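Student: I am attaching a structure below and will ask some questions about it afterwards.
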Amino acid sequence: MNIFIVYWHPEPASFNAAMLRTAEKVLTAQGHEVRVSDLDAMAFDPVSGRHNFTTRSNPEYYCQRLEEAYAAEHQGFCSLLEDEIRKLEWCDLLIFQFPLWWCSMPAMMKGWLDRVLAYQRTYSEEQNYNLGHFCNKKAMLSLTTGEPAGSYTEDGAHGEINAVLKPLQQGVLAFLGFQVLEPFVAYQPGQLTEQVRINMLEQFSDRLRHLEQEQPILQPAGCDL
Ligand SMILES: Cc1cc2nc3c(=O)[nH]c(=O)nc-3n(C[C@H](O)[C@H](O)[C@H](O)COP(=O)(O)OP(=O)(O)OC[C@H]3O[C@@H](n4cnc5c(N)ncnc54)[C@H](O)[C@@H]3O)c2cc1C
């Protein structure tokens, strides 16, 4: 498979960095081709705006969706976004690796979504959910938390983890057509012993080795926008 990992963590010695290195090592050893966008290393600008484009549909009034549609028709995305979109088109499996911040992605990664997932290039009124642009591809969230697993159960403080992740797993990934795999959640690595953290990386490796056999937890269903 072609596997694209979008990664954010500013600390190379972090547990997220260890998870990224584990994924690269295990997936490459399985014969997959892996590409990584390390957003912090790229100093990825998360703020969307006119600089997304080399074309201008309307210089008087900025409407991002209209500029995206125009750029999609006229090869008008800046080279950074064009490269990221091509990696999306290239991959069979998309993985996001990040620490959970405010029950979501950190801002730099959210900004990647805002800028890269362009209207008429990655989705449209006709191309979404089961008719989505990426409907033959799979996607998976891989994340760490600061709070224990018990906080992410139905009776826990934040509710069940897949409910917390629904805006990303359904609103973004399934919307684009991706078949969504069960997320891998490394709960509270900062509070664990070194040995338990090592075991967690082993569990992650095991999971990655068998990804191709996994059934998605979310299949994009039809939707009328
Ligand atoms: C703004 C903000 C918002 C947040 N919001 C939330 C939230 O909504 N919900 C929530 O649950 N949490 C939240 N958190 C906490 C955050 O999710 C955790 O701090 C983060 O997920 C921990 O992951 P890390 O990679 O940063 O861990 P680190 O602190 O980098 O690592 C944990 C430990 O693993 C060790 N380690 C690194 N590599 C290895 C290795 N190869 N083998 C063994 N050990 C290793 C490190 O040395 C460290 O001791 C928030 C934090 C911030 C700053």
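Read-outs: derived from the displayed coordinates by stated rules, not from any lab. Since we're looking at a predicted model, the values are computed, not measured. Virtual Cβ from ideal backbone geometry, glycine too; neighbours counted across all protein chains shown.
Student: Quick check of the Kirkwood formula: for the chain, what is the inverse mean of 1/r over all pairs of different Cα atoms, in Å?
Tutor: Details: mean 1/r = 0.0545 Å⁻¹.
One over the average 1/r among Cα pairs gives 18.3 Å for the chain.
Student: Spin-label point model (7 Å from Cα, Cβ direction): what's the Met1 to Ala29 distance in nm?
Tutor: Once both label points are built, they end up 1.8 nm from each other.
Student: Once the Cβ-Cβ distance between Ala149 and Glu60 is put in as r, and R0 is 45 Å, what FRET efficiency do you end up with, to the nearest 0.05? Display every interim value, and only then the final one.
Tutor: On the way: r = 52 Å, r/R0 = 1.16.
Between Ala149 and Glu60 the formula returns 0.30.
Student: Counting pairs of alpha carbon atoms under 8 Å apart in space and at least six apart in sequence, what relative contact order in percent does segment 42-90 give? Present the calculation step by step, with values, prior to reporting the outcome.
Tutor: Details: 33 pairs, mean separation 17.0, N = 49.
That works out to 35 percent.
Student: Can you tell me how much longer the chain between Glu11 and Cys78 gets when fully stretched, taken as 0.36 nm per residue apart minus their C-alpha distance, in nm with one decimal? Kindly include the intermediate steps, with their values, before the conclusion.
Tutor: Details: separation 67, 0.36 × 67 = 24.12 nm, distance 2.79 nm.
In short, 21.3 nm is gained.
Student: Still on this structure: Report, ordered by chain and residue number, the aspartates and glutamates lying within cross-link reach of Lys138, taken as a straight Cα distance under 16 Å and ignoring same-chain residues fewer than 8 apart.
Tutor: Counting by Cα, and skipping residues close in sequence, Lys138 has these aspartates and glutamates nearby: Glu33, Glu89, Asp92, Glu182, Glu212, Glu214.
Student: Under a point spin-label approximation (7 Å from Cα along Cα-to-Cβ), what is the Asp114-Arg209 distance to one decimal in nm?
Tutor: 4.1
Student: While we're looking at this one, here's another question. Between the DSSP loop rule and a limit of at most 14 other Cβ atoms within 10 Å, which GluC sites (Glu not before Pro) in segment 47-133 are left? Write out the running numbers ahead of the final one.
Tutor: Details: sites: Glu60, Glu67, Glu68, Glu73, Glu82, Glu84, Glu89, Glu125, Glu126; in loops: Glu60, Glu125, Glu126.
For GluC sites (Glu not before Pro) across segment 47-133 that sit outside H, G, I, E and B with at most 14 neighbouring Cβ atoms in 10 Å, the list reads Glu60, Glu125, Glu126.
Student: With only Lys, Arg, Asp and Glu charged, each at its Cβ (+1 for the first two, -1 for the last two), find how big the charge dipole of the chain is about the Cα centre; round to the nearest 20 debye. Could the numbers behind the result be given before it?
Tutor: Values: 17 positive and 29 negative charges, 54 e Å.
The dipole magnitude comes to about 260 debye.
Student: Please find the FRET efficiency linking Gln127 to Ala107, where r is the Cβ-Cβ separation and R0 is fixed at 25 Å, and quote it to the nearest 0.05. Working shown, then result.
Tutor: Numbers: r = 27 Å, r/R0 = 1.09.
In this case the efficiency is close to 0.35.
Student: Could you work out the helix-only [θ] at 222 nm for the chain, with each DSSP H run of four or more residues adding -39,500 (n - 2.57) and the total divided by the number of residues, to the nearest 500 deg cm²/dmol? Don't skip to the end; give the middle numbers.
Tutor: Values: 6 runs with 68 residues, N = 225.
About -9000 deg cm²/dmol.
Student: Of Ile85, Ile95, Ile198, which is the most mobile in a GNM of the chain whose springs link Cα atoms less than 10 angstrom apart?
Tutor: Ile198
Student: Quote the relative contact order of segment 2-213 in percent (integer), defining contacts as alpha-carbon pairs under 8 Å separated by 6+ residues. Intermediate values should be presented prior to the final figure.
Tutor: Numbers: 324 pairs, mean separation 49.5, N = 212.
Normalised by residue count, the contact order of segment 2-213 is 23 percent.
Student: Using Cα centres only, tell me the gap between segment 51-103 and segment 1-45 in whole Å.
Tutor: A separation of 21 Å, based on Cα centres.
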